[in-house]
Amino acid sequence: WDNADFSRGVGTTFYQEFSTLNTAKPPFVRDVEAKVRRYLRSSYSAVWTLKITWEKAPVYAAWTDTRKTVTYQAVLTTDGFRSYILMLYQDRGMQWDYTRLTSTNVLIGYT
C-alpha cells in the first residue's frame, strides 16, 4: 500500500458523476456496461456511475521525488441492485519506484 501526495502542487484529482436512470447514456457509461458484461458474462445496465481520476499523482512523500507520477481511475457503477468497481491504470502500470517504498511486496488494486 502506498499513498499519493498532492502537497507539492503536482497532480490533481477530479470526478464525474453519471446518473443514467431515465436519460441517454454517454459513451463512457456504455463502455463501463460493456466491460461489466464481458468480465462477468451477465447482463448489466447502469443507473449510476462515478468516475474518479487521480492524474499525475506523485508518491508519498512528494518532497522526495515528484518526477515519477501515475494516473489511475476508480469507476463505481450500479444498476440499483448490484454494484461494481473498475480499477483502471495507465499503460505500464504504476510508475512509482517501489524499491524506495517501506514495503516492496507491491500489489496494484485491492483485496
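Before moving on, here are some points about what is shown:
- What a 1.4 Å probe finds exposed on the range 12-100 is 53% carbon and sulfur by accessible area, rounded to a whole percent.
- Placed amide H near Thr66: partners under 5 Å, 5+ positions off or other chain: none
- The calculated Kirkwood hydrodynamic radius for the range 12-100 is 14.6 Å, given to one decimal from all distinct C-alpha pairs.
- Using 0.36 nm per residue and subtracting the Cα-Cα separation, the extra length available between Arg30 and Ser42 on full extension is 2.9 nm.
- Based on protein heavy atoms only, the range 12-100 ends up with 65 Å² per residue of surface accessible to a 1.4 Å probe.
- Taking θ as phi - 60° and the Karplus parameters 6.51, -1.76 and 1.60, the scalar couplings of the range 19-28 work out to 9, 10, 4, 10, 10, 5, 8, x, x, 4 Hz in sequence order, x denoting glycine and proline.
- Whole-Hz ³J(HN,Hα) from phi, Karplus 6.51 cos²θ - 1.76 cosθ + 1.60, for the range 76-83, glycine and proline x: 9, 8, 8, 9, x, 10, 10, 10
The values are calculated or read from the model by the stated rules, or taken from the named source; none is laboratory data. Just so we're clear, the structure is a prediction, and the values are computed from it rather than from any experiment. When the accessible area is computed, the model is the full protein with side chains, heavy atoms only, and any ligands, DNA or RNA have been set aside. Shrake-Rupley method; radii C 1.70, N 1.55, O 1.52, S 1.80 Å.
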